[in-house]
1. When you scan the stretch 130-157, how many residues do you find that are outside any helix (DSSP H, G or I) and crowded, with 18+ Cβ neighbours inside 10 Å?
2. Where the second residue is hydrophobic (A, V, I, L, M, F, W, C) and not in a helix (DSSP H, G or I) and the first is without any contact (Cβ under 8 Å) to a residue 60 or more places away in the chain and surrounded by 13 or more Cβ atoms within 10 Å (Cβ to Cβ) and lies in the stretch 41-62, which pairs have Cβ atoms under 6 Å and are six or more apart or on separate chains?
3. Among the strands (runs of 3 or more DSSP E) confined wholly to the stretch 205-276, which include 3 or more residues that are closer than 25 Å to P151 by Cβ and touching a residue at least 40 places away in the same chain (Cβ under 8 Å)?
4. Tell me which of these E199 doesn't satisfy, since it passes every other one: (1) of a type outside the set (G, A, S); (2) under 17 Å from G305 (Cβ atoms); (3) modelled with pLDDT under 95.
5. Across the stretch 277-302, what is the total count of residues that are in a strand (DSSP E or B), within 13 Å of the ligand (Cβ to nearest atom) and of a type in the set (V, I, T)?
6. Consider H209 carefully, then state whether it is more than 12 Å from the ligand (Cβ to nearest atom), of a type outside the set (S, T, N, Q), within 33 Å of the chain's Cα centre (by Cα) and under 19 Å from D323 (Cβ atoms).
7. In this structure, is P191 farther than 16 Å from F252 by Cβ and within 13 Å of the ligand (Cβ to nearest atom)?
8. Consider the stretch 241-271. How many of its residues are under 15 Å from I282 (Cβ atoms), hydrophobic (A, V, I, L, M, F, W, C), away from the ligand (no atom under 14 Å from the Cβ) and surrounded by fewer than 19 Cβ atoms within 10 Å (Cβ to Cβ)?
Amino acid sequence: MEEKLREIRERALAEIAQADSLAKLNDVRVAYLGKKGELTAVLKGMKNVSPEDRPKVGQMVNETRTVIEEQLEAAKAAMEAEALDRRLQEEVIDVTLPAKRNKVGHGHPNTIALEEVERIFVGMGYEVVEGPEVEYDYYNFEALNIPANHPAKDEQDTFYINDKIVLRTQTSPVQVRIMEQGRLPIRMIAPGRVFRSDEVDATHSPSFHQIEGLVIDKNVTFADLKGTLEEFAKEMFGPETKVKFRPHHFPFTEPSAEVDVTCFKCGGKGCRFCKGEGWIEILGCGMVHPHVLEMSGIDPKEYTGFAFGVGLERIALLKYEIDDMRLLYENDDRFLKQF
Ligand code: DAH
């Protein structure tokens, strides 16, 4: 019996030593210590052992069991430690490596300038509205006092969809759409994209942006227009900015003017930036033509109003001293990340 137990023990220990996985270790455990295991079988055979030998044999079986269990445990612990070691090796993180940089987006100069314009006019009680980019000839021209064959139609080289529909050449049609709604008084700005079949160069693009302004109320005068635009220019370009109103012509306003601001680079003395002029043109404006009011159902005897149109790119170029409009459309990361 003793002999048999020693033989079982040695075989079990040899198999444990050879096992190269946790699964195989478990197989060994089942084969010897399991319900139908060899050692269990020996234990079951104890009834054939003479009563006086039983304590001794029982003790030997227990010892064998303990030894095998201990070896199994030790082998398992060693395997687990090794597996952990391997994993730690594989998953090692070098905390001294430089981190990946996340690219952070930047506001486009147009967007930043537009937000500034909106902030200023919303602060004066204006509403921000929008109109369609694909527009009826009626709204883009006719209702703005630009009838067929009017030379202004040629000046604003128009993309035609068909004879009644165009890509809007200006944001002024939004004025008409708002006036037609008949809710007075009106105080609005309408930013948006406009289109003209211009060749691309440093100051032209077939698609650019304007911001239209319109105020209609009782007793609105040219003085209100001047005060409003002067306030806008000072807020936008700095408190020292002076404005100059030059007589001009637009079909939808009478009288009409173009507005210049003192060059914020040289303060009006004349420099390369303002081409020695000291002044920079920023927008067109005027008192809404009575005929335009009438066509949109507003009585010009009761209501008057002023309007203005600003080129957004022009503002952005001036504000950020950019000398080529194309930079605004190329989306070059190296350019944009400066803003
Ligand atoms: N729509 C004009 C243009 O594109 C700009 C303009 C001038 C708008 C005078 C106005 C205005 O509202 O009153 O050249």
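1. 7
2. Final answer for the pair search is V57/M1; V57/V49.
3. 207-217
4. (2)
5. Total satisfying the criteria: 2.
6. For H209, the condition - more than 12 Å from the ligand (Cβ to nearest atom), of a type outside the set (S, T, N, Q), within 33 Å of the chain's Cα centre (by Cα) and under 19 Å from D323 (Cβ atoms) - is not met.
7. It is true that P191 is farther than 16 Å from F252 by Cβ and within 13 Å of the ligand (Cβ to nearest atom).
8. 0
The values are calculated or read from the model by the stated rules, or taken from the named source; none is laboratory data. None of these values were measured; they are calculated from a predicted model. Cβ atoms come from the backbone with ideal geometry, glycine included; neighbour counts cover every protein chain shown.
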